[in-house]
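A.B. asks: Input: one structure, supplied below.
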Amino acid sequence: KIFGEAVVFVSCKRNSNQINEDVKLQLYALQKIALQGPCHGSQPMAFKVSARAKWNAWQKLGDMSREIAMEKYVSLLVKAIPGWNVRRKFC
């Protein structure tokens with residue numbers, strides 16, 4: 001439940017703007033592991049810079065379990081925006 005709330009919180013542009021790009025990339029990769037599992041797709045072409053960065057971040061997590069990914073996602077969000085989960089309105 002907390003992971004789902006964290007994903008909703010981060011998906012809101014107002015909240016997302018408070019997170020630096022490196023943390024956003026880590027959150028993206030952790031979310032992909034949590035929802036889809038390890039990265040098995042092929043690497044995007046080099047000129048697709050954003051897609052390749054996301055793929056690399058996801059691939060780097062290897063065979064991490066979905067549960068660990070969810071825990072790390074929430075933990076990383078807490079470090080990036082302390083108290084995010086006590087806000088009543090996410091967006």
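A.B. asks: Tell me, yes or no, whether segment 9-30 has at least one residue that is outside any helix (DSSP H, G or I), at pLDDT below 95 and among the aromatic types (Phe, Trp, Tyr).
C.D. replies: Taking every residue of segment 9-30 in turn, none turns out to be outside any helix (DSSP H, G or I), at pLDDT below 95 and among the aromatic types (Phe, Trp, Tyr).
A.B. asks: Looking at ASP63 and the list (1) open to solvent by 80 Å² or more (accessible area, probe 1.4 Å); (2) of a type outside the set (S, T, N, Q); (3) over 18 Å from SER11 (Cβ atoms); (4) under 14 Å from the mean Cα position of the chain (by Cα), which single condition is not satisfied?
C.D. replies: (4)
A.B. asks: Out of all the residues in segment 29-51, is one or more more than 16 Å from VAL8 (Cα to Cα), open to solvent by 30 Å² or more (accessible area, probe 1.4 Å), in contact (Cβ under 8 Å) with a residue 12 or more places away in the chain and within 12 Å of the chain's Cα centre (by Cα)?
C.D. replies: no
The values are calculated or read from the model by the stated rules, or taken from the named source; none is laboratory data. Owing to the predicted nature of the structure, the values given are computational and were not obtained by experimental measurement. Using ideal geometry, Cβ is built from the backbone for each residue, glycine included, and neighbour counts are taken over all protein chains shown. The protein model used for the area step is the full one, side chains on, heavy atoms only, and it has no ligands, DNA or RNA in it. Shrake-Rupley method; radii C 1.70, N 1.55, O 1.52, S 1.80 Å.
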